[in-house]
Number of protein chains: 2
Amino acid sequence: MKLLEDRILKDGQVFPGNILKVDSFLNHQIDVELIGEMGKEIKRIYDGCGVNKILTIEASGIGIACITAQFFSCPVLFAKKTKTKNIAATVYKTKVKSFTHGTEYDVIVSKDFISEGDRVLIVDDFLAEGNALLGLIDLCRQAGAEVVGCAIAVEKGFQDGRKRVESQGVRVESLAIVESMSDNAVTFRR
Amino acid sequence: MKLLEDRILKDGQVFPGNILKVDSFLNHQIDVELIGEMGKEIKRIYDGCGVNKILTIEASGIGIACITAQFFSCPVLFAKKTKTKNIAATVYKTKVKSFTHGTEYDVIVSKDFISEGDRVLIVDDFLAEGNALLGLIDLCRQAGAEVVGCAIAVEKGFQDGRKRVESQGVRVESLAIVESMSDNAVTFRR
């Protein structure tokens with residue numbers, strides 16, 4: 001999506017360790033007009049797939065998920081990160097490794113809000129190693145829900161995430177795929 | 001706001017300890033159509049106040065903030081909860097006590113995204129003791145930004161939050177004010 005790529009080139013910042021900072025418009029400050037265009041594009045891509053629920057993970061996926069859900073006229077469900085040891089029997093739980101922080105955490109969703117028959121679109125801001133997506137897919141499958149696919153804002157195309165998610169039989173669509181990054185030079189795969 | 005009050009009566013659940021669960025439509029699963037109507041109402045209330053930025057706190061404020069920001073045509077900034085001890089010089093930091101969890105945590109925003117001249121509307125899902133709002137107000141004031149007011153989805157009118165926030169000279173508007181709760185009987189202040 002050219003609009004997003006152009007914005008990354010204009011306002012994104014590259015830091016050592018393959019870190020791409022887009023916090024001026026995507027995941028700290030949020031440009032809701034840009035996100036609106038991204039939501040429209042995600043709707044175009046997954047139109048006709050029968051999506052009836054959008055699933056994301058707190059916190060930085062929530063904004064994109066909510067605005068995208070407006071185009072699908074469906075609710076958003078956001079999975080919560082938790083450190084609580086005693087998890088209620090009323091939730092589905094999975095483990096996710098954080099690429100950014102090098103830690104592992106539990107992720108939960110209430111059993112009340114996802115079930116067999118749901119056709120779920122997973123939305124998130126970043127795809128790198130794919131750990132968050134794999135966790136969200138696991139939650140859907142525990143619930144017996146169908147994962148229609150994933151819609152990602154920015155994919156790091158030089159990492160393994162897409163391969164790992166696709167090997168689960170799940171479609172992956174990213175609005176911008178970063179091919180390489182170095183000293184503020186970002187190139188995209190098209 | 002009758003639409004929200006009716007939804008709370010229909011789908012909200014009361015638990016011991018004055019806990020009102022609205023996680024089927026507000027802060028776990030999110031009904032984006034309802035939030036759209038709430039955003040429209042917040043725009044009506046604060047129209048003409050020159051709001052150029054909406055500030056919220058992760059995670060459950062982000063959805064309401066993003067959808068509301070569409071009506072103001074302004075960006076959202078969400079403050080992050082952090083446990084990192086060494087906070088960069090590039091952020092404003094404050095401490096917030098959690099009413100729900102009985103803990104205290106640091107909350108930060110980047111100095112890049114809030115500054116003198118900003119006219120900030122603070123948006124959040126709940127107002128109880130007001131600790132989150134007071135923290136967000138503190139962040140704005142550290143930055144020299146003007147707090148236009150607060151827009152809250154659900155206020156617990158029997159707790160001290162409003163009084164504490166108003167004593168800072170900040171306007172508080174809530175879309176639903178819970179007067180009392182007991183065994184699934186919720187009454188509103190109108």
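For the protein assembly as shown, take every pair of Cα atoms, bin their distances at 10 Å starting from 0, and report each bin as a whole percent.
Calculated P(r), rounded to whole percents: 5, 24, 35, 26, 9, 1.
With just the Cα atoms defining each centre, how far is the stretch B:142-190 from the stretch A:48-107? Give it in Å.
28
Quote the accessible area belonging to residue A:93 in square angstrom, nearest 10, computed with a 1.4 Å probe and with ligands, DNA and RNA left uncounted.
90
Do you know the relative contact order of chain B, to the nearest whole percent, from alpha carbon pairs under 8 angstrom that are 6+ apart? Each step should come with its number before you reach the end.
Numbers: 379 pairs, mean separation 36.0, N = 190.
Averaging sequence separation for qualifying contacts and normalising by length gives 19 percent for chain B.
What is the interface area between chains B and A, defined as buried accessible area summed over both chains with a 1.4 Å probe, reported in Å² to the nearest 100? Intermediate values should be presented prior to the final figure.
Values: alone 9530 and 9530 Å², together 16740 Å².
That pair of chains buries around 2300 Å² in total.
At residue A:103, label 7 Å along Cα→Cβ: distances to the other copies, nm, ascending?
Between copies, matching label points for residue A:103 lie 0.8 nm apart.
Using a 1.4 angstrom probe on the protein heavy atoms only, line up B:116, B:37 by accessible area, largest first.
Values: B:116 155, B:37 75 Å².
Largest accessible area first, the residues go B:116, B:37.
Please give the residues from the stretch B:9-39 for which the solvent-accessible area of heavy atoms, probe 1.4 Å, is smaller by at least 10 Å² with all protein chains in place than with the chain isolated.
Buried on complex formation: B:23, B:24, B:27, B:28, B:29, B:30, B:32.
Let me know the shape class of the stretch A:109-183, please: from the alpha-carbon gyration tensor, a ≥ b ≥ c as square roots of the eigenvalues, rounded when a/c is under 1.5, otherwise prolate if a/b is greater than b/c, or oblate.
prolate
Students often check this: by mean Cβ neighbours within 10 Å, which of B:131-137, B:153-159 ranks highest, and how do the rest follow?
Descending packing order for the listed peptides: B:131-137, B:153-159.
Could you put B:38, B:1 in order of accessible surface area, largest first, with the 1.4 Å probe and the full protein assembly present?
B:1, B:38
What is the mean number of Cβ atoms from other protein chains located within 10 Å of the Cβ atom of each residue in peptide A:108-116, rounded to a whole number?
Mean partner shielding for this stretch: 2.
What shape does the stretch B:1-59 take by its C-alpha gyration tensor, where a ≥ b ≥ c are the square roots of the eigenvalues and a/c under 1.5 counts as rounded, a/b above b/c as prolate, and the rest as oblate?
Prolate, because a/c is 1.5 or more and a/b exceeds b/c.
Over the protein assembly as shown, with every protein chain in place, what whole percent of the accessible area is carbon and sulfur at 1.4 Å, could you tell me? Mind dumping the intermediate values first?
Numbers: 7640 of 16740 Å².
Of the solvent-accessible surface of the protein assembly as shown, carbon and sulfur hold 46 percent.
With every protein chain kept in the model, how would you rank B:44, A:189 by accessible area, 1.4 Å probe, largest at the top?
B:44, A:189
So what is the accessible area of chain B per residue, in Å², with the probe set to 1.4 Å?
Solvent-accessible surface per residue comes out at 44 Å².
Across peptide B:58-71, what mean number of C-beta atoms from other chains lies inside 10 Å of a residue's C-beta?
6
State log₁₀ I(q)/I(0) for the stretch A:34-190 at q = 0.08, 0.09, 0.15 Å⁻¹ as given by the Debye formula over alpha-carbon point scatterers of equal weight, solvent excluded.
-0.21, -0.27, -0.76
Rg/Rh for the stretch A:1-117 to two decimals, with Rh computed the Kirkwood way over all alpha-carbon pairs. Mind dumping the intermediate values first?
Values: Rg = 16.3 Å, Rh = 16.2 Å.
A ratio of 1.01.
Placing the label point 7 Å from Cα along the Cα-to-Cβ direction, what are the distances from residue A:116 to the equivalent spots in the other copies, shortest first, in nm to one decimal?
6.4
Of the listed peptides B:25-35, B:160-170, what is their order by residue-averaged count of other C-beta atoms within 10 Å, with the highest listed first?
B:25-35, B:160-170
The values are calculated or read from the model by the stated rules, or taken from the named source; none is laboratory data. Bear in mind that the values here come from a model prediction, so they are computed numbers and not experimental data. Methodologically, a virtual Cβ is constructed for each residue, glycine included, from the backbone with ideal geometry; neighbour enumeration extends over all protein chains shown. These area figures cover heavy atoms from the full protein model, side chains too; ligands, DNA and RNA do not enter into them. Shrake-Rupley method; radii C 1.70, N 1.55, O 1.52, S 1.80 Å.
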